[in-house]
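Visitor: Got a structure for you, written out below as structure tokens; questions coming shortly.
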Amino acid sequence: MSGPTAASGGASPGQHSLAFRVMRLTRPSMHADEAVLRLRPNDLFVGEDLISDNNPHVPSNLLDLASSDSSFPEGGEFDFRKRLFIDNPTDAMGLSGFLLLPQAFGAIYLGETFCSYISINNSSSYEARDVIIKAEIQAEKQRFLLLDTSKSPVESIRAGGRYDFIVEHDVKELGAHTLVCTALYNDGDSTERKYLPQFFKFVVANPISVRTKVRNFKVGDSSLLFKKNLIDNTFLEACIENHTKSNLYLDQVEFEPAPQWTATRLEADEHASLKNSKTRDLLKRPVFIRANGGICNYLYLLRLHESGETKDDADTVLGKFQITWRTNLGEPGRLQTRNIHNNLPPKKDIDLQVVTVPSKVILEQPFSVHLRLTNQTERTVGPFEVYIISGVSSNDRSVMLNGLQKLVLPLVEGSDSINFDLNMVATQVGVQRISGITVHAVQEKKVYDPLQDIEIFVDAE
């Protein structure tokens, strides 16, 4: 429970009998003992001077208590010199065993539960009667009512007395927040109702950030894949970073996919001792993230349901994350991310893909590259011309077409594909690139983007 109150405003306390005091209820922290000489319980009863003076009035039980201390040598003189030595490994941590109450209002993070102890004090010599108390939190977009005693007002608050209550609020919005406390009451002999507003401001920060990256890969049966026009595998990478000043322990990081997707988390192989552990599912260890920038990474494999949906029919929404965590002393937090979208590349009318390439090519001997041209529309397209653009790269002459410099392809029906071979020859040994394979639509007079470079190995024999 923090002692100092938050920044407040409103009417001057001299004009009102009542005044609000707000203290935040939060868990204490471990007190680190920075002193070189550590305090021990015996020091509260037996001091160095008391023992060294050989005082005859010292009870024997106190001497026995002092002798049990490691700092009291046998047959020697009691002093604090041995306090400099580390008798136990825990002494090096500097933790005295005491808990420290927060000395300030502290940082408030998104996903936490804001809990506050509010006291309305009557500092006047008059009794306050029929007190209606309201407490609400105002955020940038909305407000939340925490307490309202309009239906059952507080009958009276005597002079010098107080009325206490506790409010809680799940913080779900970033930015500036204001805790507004108001009181409507009568005091003294006056029949006029007095209105007391007070404001306590605080800022909600983001405890963690979730950075995501989506990658799409085409795998599996190519003919089926192109026909259905589906992206078979979608990988979602997520990086969770801790922005708080304390360590976080992730209890749960769960990705909730959209209805048309299924998600599988990809993890490294576990140790054999963990796989055979009987308590593996019962006692799940939380994921530790260090304070001030610690990170944790997750990888998911997403696949569309086999319901006949195509890439155009499926929504680009992949899903969202549900994350729960605890701080050092178990204070909980919960955060839900926004929907994560799959930024698909723009759809092309045709798709040119490499089917097979020879694993080894002999210098100056013809070889074939097997390609597939797929019509990704519902209409018939073509005819096409396939050729190599000259001067695409510095290695454009290391691999060239053998024979006809343009290959003519017939019409291709909607959602269908056609296979063809390009006859080529290599003029240089080593790892070479086939660059600039381009498709030209004859009727539409449209030139499509060149195929990505293909690497081959050319041997002299």
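Visitor: Only residues that are part of a loop (DSSP other than H, G, I, E, B) and of a type in the set (K, R): list them for the stretch 372-384, please.
Guide: If we filter the stretch 372-384 for residues that are part of a loop (DSSP other than H, G, I, E, B), which is where we start, we get 376-380, 382-383.
Selection gives R379 alone.
Visitor: Turning to a different aspect of this structure: For the stretch 190-204, which residues satisfy the criterion of being open to solvent by 40 Å² or more (accessible area, probe 1.4 Å) and not charged (D, E, K, R)?
Guide: If the condition is that a residue be open to solvent by 40 Å² or more (accessible area, probe 1.4 Å) and not charged (D, E, K, R), then S190, T191, Y195, F199, V203 are the ones that fit.
Visitor: List pairs: first in the stretch 402-418 and farther than 16 Å from S368 by Cβ, second of a type in the set (D, E, K, R) and open to solvent by less than 70 Å² (accessible area, probe 1.4 Å), Cβ under 6 Å, 6+ apart or cross-chain?
Guide: From the stretch 402-418, the pairs are K406/E385; V408/E385; S417/R372.
Visitor: On to the next question. Please tell me if S223 is open to solvent by 30 Å² or more (accessible area, probe 1.4 Å), more than 28 Å from N343 (Cα to Cα) and at pLDDT below 75.
Guide: So S223 fails the test.
Visitor: Given R334, R338, which one is outside any loop (DSSP other than H, G, I, E, B), open to solvent by 80 Å² or more (accessible area, probe 1.4 Å) and out of contact with any helix residue (DSSP H, G or I) (no Cβ under 6 Å at 6 or more places or on another chain)?
Guide: Only one candidate passes the filter, namely R334.
Visitor: Out of the stretch 419-461, which residues are closer than 28 Å to N375 by Cβ, aliphatic (A, V, I, L, M) and open to solvent by 40 Å² or more (accessible area, probe 1.4 Å)?
Guide: Selection gives V442, V447.
Visitor: Moving to a separate point now. Taking strands (runs of 3 or more DSSP E) that do not extend beyond the stretch 174-221, which have at least 2 residues that are within 30 Å of E127 (Cα to Cα) and basic (K, R)?
Guide: Fully inside the stretch 174-221 and qualifying: 194-205.
Visitor: Can we say V171 is at pLDDT 90 or above, under 35 Å from the mean Cα position of the chain (by Cα) and open to solvent by less than 70 Å² (accessible area, probe 1.4 Å)?
Guide: Taking the combined requirement at face value, the residue does not satisfy it.
Visitor: Go through the stretch 341-371 and count every residue that is open to solvent by less than 30 Å² (accessible area, probe 1.4 Å) and either part of a loop (DSSP other than H, G, I, E, B) or modelled with pLDDT under 85 (or both).
Guide: Number of matching residues: 4.
Visitor: Does the stretch 389-398 include one or more residues that are assigned to a strand (DSSP E or B) and either surrounded by 14 or more Cβ atoms within 10 Å (Cβ to Cβ) or without any contact (Cβ under 8 Å) to a residue 12 or more places away in the chain (or both)? Outline the logic, then answer.
Guide: Let us first name the residues in the stretch 389-398 that are assigned to a strand (DSSP E or B), namely none.
Among the residues of the stretch 389-398, not one is assigned to a strand (DSSP E or B) and either surrounded by 14 or more Cβ atoms within 10 Å (Cβ to Cβ) or without any contact (Cβ under 8 Å) to a residue 12 or more places away in the chain (or both), which makes the answer no.
Visitor: Across the stretch 116-142, what is the total count of residues that are assigned to a strand (DSSP E or B) and open to solvent by 20 Å² or more (accessible area, probe 1.4 Å)?
Guide: Residues of the stretch 116-142 that are assigned to a strand (DSSP E or B), as a first pass: 116-122, 128-138.
Going one step further and asking which of them are open to solvent by 20 Å² or more (accessible area, probe 1.4 Å), we end up with 117, 121, 129-130, 132, 134, 136, 138.
Residues flagged as assigned to a strand (DSSP E or B) and open to solvent by 20 Å² or more (accessible area, probe 1.4 Å) within the stretch 116-142 amount to 8.
Visitor: Next question. Which condition number does D312 fail, the rest of (1) open to solvent by 60 Å² or more (accessible area, probe 1.4 Å); (2) out of contact with any Pro (no Cβ under 9 Å at 6 or more places or on another chain); (3) at pLDDT 80 or above being met?
Guide: Looking at each condition in turn, D312 falls short on (3).
Visitor: I'm checking my understanding of the structure. Among residues of the stretch 281-304 that are in a loop (DSSP other than H, G, I, E, B) and open to solvent by 80 Å² or more (accessible area, probe 1.4 Å), which one is modelled with the highest pLDDT?
Guide: As a first pass, look at the stretch 281-304 and keep what is in a loop (DSSP other than H, G, I, E, B): 281-286, 290-294.
This time we only want the ones that are open to solvent by 80 Å² or more (accessible area, probe 1.4 Å), so: 281-285, 290, 292.
On the way: D281: 60, L282: 64, L283: 66, K284: 72, R285: 79, R290: 90, N292: 86.
Looking at the filtered set, the residue picked out is R290.
The values are calculated or read from the model by the stated rules, or taken from the named source; none is laboratory data. Keep in mind the model is a prediction, meaning the values are calculated, not measured. Please note: Cβ atoms are built from the backbone with ideal geometry, for glycine as well, and neighbour counts cover all protein chains shown. To get the accessible areas, we keep the full protein, side chains included, count just its heavy atoms, and leave off ligands, DNA and RNA. Shrake-Rupley method; radii C 1.70, N 1.55, O 1.52, S 1.80 Å.
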